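Engineer: One structure, as structure tokens, below. Some questions next.
The values are calculated or read from the model by the stated rules, or taken from the named source; none is laboratory data. Here the structure is a predicted model, which means the values were calculated and not measured. All Cβ positions, glycine included, derive from the backbone under ideal geometry; neighbour counts span all protein chains shown. These accessible areas exclude ligands, DNA and RNA; they are computed on the full protein's heavy atoms, side chains included. Shrake-Rupley method; radii C 1.70, N 1.55, O 1.52, S 1.80 Å.
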Amino acid sequence: MEDDLEYFITFPTPMPKETQRRPPSGEEDEDEDFVFVNGANGDKEPVVFLLGWLGAQDRHLAKYCTIYNQRGCITIRYTSPSSYVFIRPTVKLMPIARKLLSLLRDMSLDDHPVFFHMFSNNGSVLYYYLTQAMTESTAPKITVKGCIFDSTPAPRRLFSAARAVYEVTPGSVWMKLCVSLGMMLYLIGWKVLSISWTIISGKLPINPPWSLLEDPARCPQLFLYSRADKLISFQDVELFMGERQRLGVPVLGKCWQDSAHVQHYRLYPEEYREMVYSFLSQCFSPGGVTSQPLPAAADNAEGESKTKSD
């Protein structure tokens, strides 16, 4: 622990490769070699930051931690307090971002490859401030190999914010309604002040996590999302994917049809793990990650082919 930063770190104890579960005879496991065994062959174990969703507890993130620990990765888990995302996030989250990055230097992990796994907009907002902290001269020089976005990102909207607050507020329905209504009124007031300040100062407001569209980093990105998500629209996620791909970022995605917000791993554990392992394996492969056709692009291509055939 450092100051009031409540984070959790796990160092794995993976089995040797020859003792790992082998696929049935006649089948090949293309990710079998992706196991880091205590830095064997000079490899540095990847460090994965798991940045939790609004109201997430460590027991929730610990389930995702095992995905990475089973392959020999080091994990650092942290969830920013709910109020930090809505009330002066720059003042609250920048110091946290600096402390999280300093952990790598303090534990001599700054020369390890780093991945970020964000859950919902709460995790992506913190990741935005991590990207800002990484540009500071005092920040450790790290190599970010890839990012995974689970049920995120999307522009922050009043209704989605109020609904998220409703879901994480304990107590009766009336308590949930009062808190979420109060948060909506606060956000409306803050939006009015933000617009007024923009007019007066001439400076555009910063709107994380959507500001990550302009992130100068070009490391590969994997998006895990659903059409049934009521908090984060799949259209927003796919729009973000398209814009990042247009900037030259290698982009992969997996869209489920019926999983709720940050519930993809609970409903589809095997498929979820396979997507994560495949992504990490590609990030370390000599050829790197090759972007897949975006859903909209695939639909357009299918429509054009049908038109031509007609």
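Engineer: Does PRO286 qualify as being touching a Pro at 6+ places or on another chain (Cβ under 7 Å) and over 26 Å from ALA62 (Cβ atoms)? Talk me through it step by step, then tell me what you get.
Structural biologist: On the way: touching a Pro at 6+ places or on another chain (Cβ under 7 Å): no; over 26 Å from ALA62 (Cβ atoms): yes.
When the stated conditions are applied, PRO286 does not pass them.
Engineer: Continuing with the same structure: Just the residues that are surrounded by fewer than 20 Cβ atoms within 10 Å (Cβ to Cβ) and of a type in the set (A, V, I, L, M, F, W, C), please, taken from the stretch 284-294.
Structural biologist: So in the stretch 284-294, the residues surrounded by fewer than 20 Cβ atoms within 10 Å (Cβ to Cβ) come out as 284-288, 290-294.
Answer for the stretch 284-294, where residues must be surrounded by fewer than 20 Cβ atoms within 10 Å (Cβ to Cβ) and of a type in the set (A, V, I, L, M, F, W, C): PHE284, LEU294.
Engineer: Restricting to helices (runs of 4 or more DSSP H) lying wholly in the stretch 69-146: which have 2 or more residues that are in contact (Cβ under 8 Å) with a residue 60 or more places away in the chain and open to solvent by less than 20 Å² (accessible area, probe 1.4 Å)?
Structural biologist: Details: elements: 82-86, 89-106, 120-134.
Qualifying helices (runs of 4 or more DSSP H): 89-106, 120-134.
Engineer: Any chance the stretch 184-203 includes a residue that's open to solvent by less than 40 Å² (accessible area, probe 1.4 Å), in contact with a helix residue (DSSP H, G or I) (Cβ under 7 Å, 6 or more places away or on another chain) and either at pLDDT 95 or above or small (Gly, Ala, Ser) (or both)?
Structural biologist: Looking for residues that are open to solvent by less than 40 Å² (accessible area, probe 1.4 Å), in contact with a helix residue (DSSP H, G or I) (Cβ under 7 Å, 6 or more places away or on another chain) and either at pLDDT 95 or above or small (Gly, Ala, Ser) (or both), one finds none in the stretch 184-203, hence no.
Engineer: So in the stretch 227-279, with the set limited to residues that are assigned to a strand (DSSP E or B) and aliphatic (A, V, I, L, M), which one is least open to solvent (accessible area, probe 1.4 Å)? If you could, list the steps in order and put the result at the bottom.
Structural biologist: Here is the first cut: in the stretch 227-279, the ones assigned to a strand (DSSP E or B) are 251-256.
With aliphatic (A, V, I, L, M) added as a condition, the list becomes 251-252.
Details: VAL251: 0, LEU252: 18 Å².
Among those residues, the one meeting the criterion is VAL251.
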